[in-house]
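A short write-up of the structure that comes next.
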Amino acid sequence: MRDEKYNPFNELCLTIDKAAKACGLGKEDYEFLKHPERELKVALSLRRDDGSVSYYDGYRVQHSSLCGPCKGGIRYHPGVNVDEVKALAGWMTFKCAVVNIPYGGGKGGVAVDPSELSEAELERLTRAYAAAISPIIGPQRDIPAPDVGTNAQIMNWFMDTCSTLAGGSFVPGAVTGKDVILGGSLGRKEATGRGVRTVVGEIFKRYGIKPKEAVVAIQGTGNVGGVSAALIAAELGSTVSAMSDVSGGVYREKGLDVKEILSFVNGGGLLKDYSREGVQHVTNDELLTSECDVLIPAALENQITAENAKDVKARFVVEAANGPTTVEADVILGERGIKVFPDILANAGGVVVSYFEWVQNNMNYYWSKEEVNGKMREIMVRAFADVVHAADKYSSDMRTAAYIVALARLVKARKARGFF
Ligand code: GLU
């Protein structure tokens, strides 16, 4: 689904313009947000297990450190490029501002397919990448975390490399999403999915929908899509009608057995090989346009496009992925009365618990899972209310409203700091 013309950073700039116009900001107030503070590109060489050497491009973009250290994940995916990383970094600035946590935005990535590397190769590549970007990383400067294609083990290696380069000081606060044994937070692994579940629950309340009568289709079965599906089925009791992985999707009008599908996928199975009575195999497009109340894209950007937006049947789209809906598609969905709850709100649970992890690392004092989940819920519910309030006040769609909430904070901080 990656096309040549699609430039996610341009999409972000268009979204910022739209929101700034809606709330009456002048160009000079927010223009700085279209200029990432720092872009680092590094060349990584990896000694393969067979003795040969492979080369990869790595990036770290710091979009803004206006409201705190830059914060954002590291993506390992063959499609990673500078415009994608710039957009992802910018989205982090707006995400942290909309949930009002004291961070700026950053993002990193390596153009690599991690499934083609052995465990030892993955460790060497991660250490090479961590060392290459280490001059601009640090607990008060820029704090990476997991994203598509990376996980707690990769964060552990990243942290170990930063600690070694710091002459052996233990610097757990240099990265979040680590294993609990190394200062990771309880609840971090499930945090993004739990945040998505919280937003879906708030939508049901606001629009008077009985959760048990709602049908939800989810694109993805990874850490975000999988956890969202599990919690929406188990805690809200909604029907999950569709799920997918890289090999394709599965659909059952009356509902899928989410638990069984997740243990199948997590055990290494591909959904194209999953067969059960009444379960149909569907393409990505068929999943996105299937009959449901809530559609949750939880994979990559550029999924709901001008081509398929006219066929989306959901009443609500909840963006668990970053940037799944193009600007053109957003307009089409809006005209069709479909409400889109944007990524910067819907998937913010991950970075909120990353923030808690960093706070715990800095204090060297750790919280219970209940405390983490409770505090995250509070922040997500308040952010949801702020966005809905702005949408009412400015008669706008939810994405514009979320950007308005974030812009108000960012512009205020810019004015307070002044220009150097
Ligand atoms: N990669 C996640 C995101 O896009 C989490 C970032 C973080 O925890 O810093 O929000």
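Against the test of being within 14 Å of the ligand (Cβ to nearest atom) and touching a Gly at 6+ places or on another chain (Cβ under 7 Å), the options Thr176, Thr192 yield a single qualifying residue, Thr192.
Considering (1) under 14 Å from Lys71 (Cα atoms); (2) open to solvent by less than 10 Å² (accessible area, probe 1.4 Å), the lone condition that Val110 does not fulfil carries the number (1).
Residue-by-condition table, conditions (1) of a type outside the set (A, V, I, L, M); (2) open to solvent by 40 Å² or more (accessible area, probe 1.4 Å); (3) free of Cβ contacts under 8 Å to residues at least 40 places away in the same chain:
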| residue | (1), (2), (3) |
| --- | --- |
| Ala145 | no, no, no |
| Val148 | no, yes, no |
| Val200 | no, no, no |
| Ile203 | no, no, no |
| Lys210 | yes, yes, yes |
| Ala217 | no, no, no |
| Ser228 | yes, no, no |
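Does Ala89 satisfy the condition of being within 12 Å of the ligand (Cβ to nearest atom), at pLDDT 95 or above and small (Gly, Ala, Ser)? Criteria met by Ala89. Scanning segment 356-381 for residues that are in contact (Cβ under 8 Å) with a residue 12 or more places away in the chain, open to solvent by less than 50 Å² (accessible area, probe 1.4 Å) and within 16 Å of the ligand (Cβ to nearest atom) turns up Phe356, Glu357, Trp358, Gln360, Asn361, Val372, Asn373, Met376, Ile379, Met380. In the set (1) more than 16 Å from the ligand (Cβ to nearest atom); (2) in a loop (DSSP other than H, G, I, E, B), Ser163 fails one condition alone, (2).
Quick test for you: out of Leu236, Leu231, Leu271, pick the one residue that is among the aliphatic types (A, V, I, L, M), modelled with pLDDT of 95 or more and over 23 Å from Phe341 (Cα atoms).
Details: Leu236 fails: over 23 Å from Phe341 (Cα atoms); Leu231 fails: over 23 Å from Phe341 (Cα atoms).
Only one candidate passes the filter, namely Leu271.
Scan segment 26-40 and tell me whether some residue there is open to solvent by less than 60 Å² (accessible area, probe 1.4 Å), more than 17 Å from Leu410 (Cβ to Cβ) and either of a type outside the set (Asp, Glu) or free of Cβ contacts under 8 Å to residues at least 12 places away in the same chain (or both). Within segment 26-40, one or more residues are open to solvent by less than 60 Å² (accessible area, probe 1.4 Å), more than 17 Å from Leu410 (Cβ to Cβ) and either of a type outside the set (Asp, Glu) or free of Cβ contacts under 8 Å to residues at least 12 places away in the same chain (or both).
When Thr150 is tested against (1) away from the ligand (no atom under 15 Å from the Cβ); (2) outside any helix (DSSP H, G or I), exactly one condition is not met: (1).
Can you tell me which residues in segment 176-197 are closer than 14 Å to Ile232 by Cβ and either of a type in the set (A, V, I, L, M) or open to solvent by less than 10 Å² (accessible area, probe 1.4 Å) (or both)?
Residues of segment 176-197 closer than 14 Å to Ile232 by Cβ: 190, 192-197.
Listed by number, the residues that qualify are Gly193, Gly195, Val196.
For segment 228-319, the strands (runs of 3 or more DSSP E) that sit wholly inside it and include 1 or more residues that are over 23 Å from the mean Cα position of the chain (by Cα) are 239-245, 248-251, 280-282. For Ala131, the stated conditions hold: it is open to solvent by 10 Å² or more (accessible area, probe 1.4 Å), small (Gly, Ala, Ser) and away from the ligand (no atom under 15 Å from the Cβ).
Listed by first and then second residue, the pairs with beta-carbon distance under 8 Å, at least 6 apart or on different chains, first residue in segment 261-282 and under 21 Å from Thr239 (Cα atoms) and open to solvent by 60 Å² or more (accessible area, probe 1.4 Å), second basic (Lys, Arg) and not in a loop (DSSP other than H, G, I, E, B), are His281/Lys272. Can you tell me how many residues within segment 311-325 are open to solvent by less than 10 Å² (accessible area, probe 1.4 Å) and more than 16 Å from the ligand (Cβ to nearest atom)? Of the residues in that region, 4 qualify. Scanning segment 386-400 for residues that are free of Cβ contacts under 8 Å to residues at least 24 places away in the same chain and out of contact with any Ser or Thr (no Cβ under 8 Å at 6 or more places or on another chain) yields His389, Asp392, Lys393, Ser395. Sub-6 Å Cβ pairs linking a first residue in segment 57-72 that is more than 15 Å from Phe9 (Cα to Cα) and open to solvent by less than 10 Å² (accessible area, probe 1.4 Å) to a second residue that is within 13 Å of the ligand (Cβ to nearest atom) and among the hydroxyl-bearing types (Ser, Thr, Tyr), at least 6 apart or interchain, are Lys71/Tyr103, ordered by first then second residue. No other residue among Ala402, Ala406 is open to solvent by less than 90 Å² (accessible area, probe 1.4 Å), within 23 Å of Ser65 (Cβ to Cβ), touching a Phe, Trp or Tyr at 6+ places or on another chain (Cβ under 6 Å) and not hydroxyl-bearing (Ser, Thr, Tyr) apart from Ala406.
The values are calculated or read from the model by the stated rules, or taken from the named source; none is laboratory data. Note that the structure is a prediction, hence the values are computed from the model and not measured. In this analysis, Cβ positions are derived from the backbone assuming ideal geometry, glycine residues included, and neighbour counts consider all displayed protein chains. When the accessible area is computed, the model is the full protein with side chains, heavy atoms only, and any ligands, DNA or RNA have been set aside. Shrake-Rupley method; radii C 1.70, N 1.55, O 1.52, S 1.80 Å.
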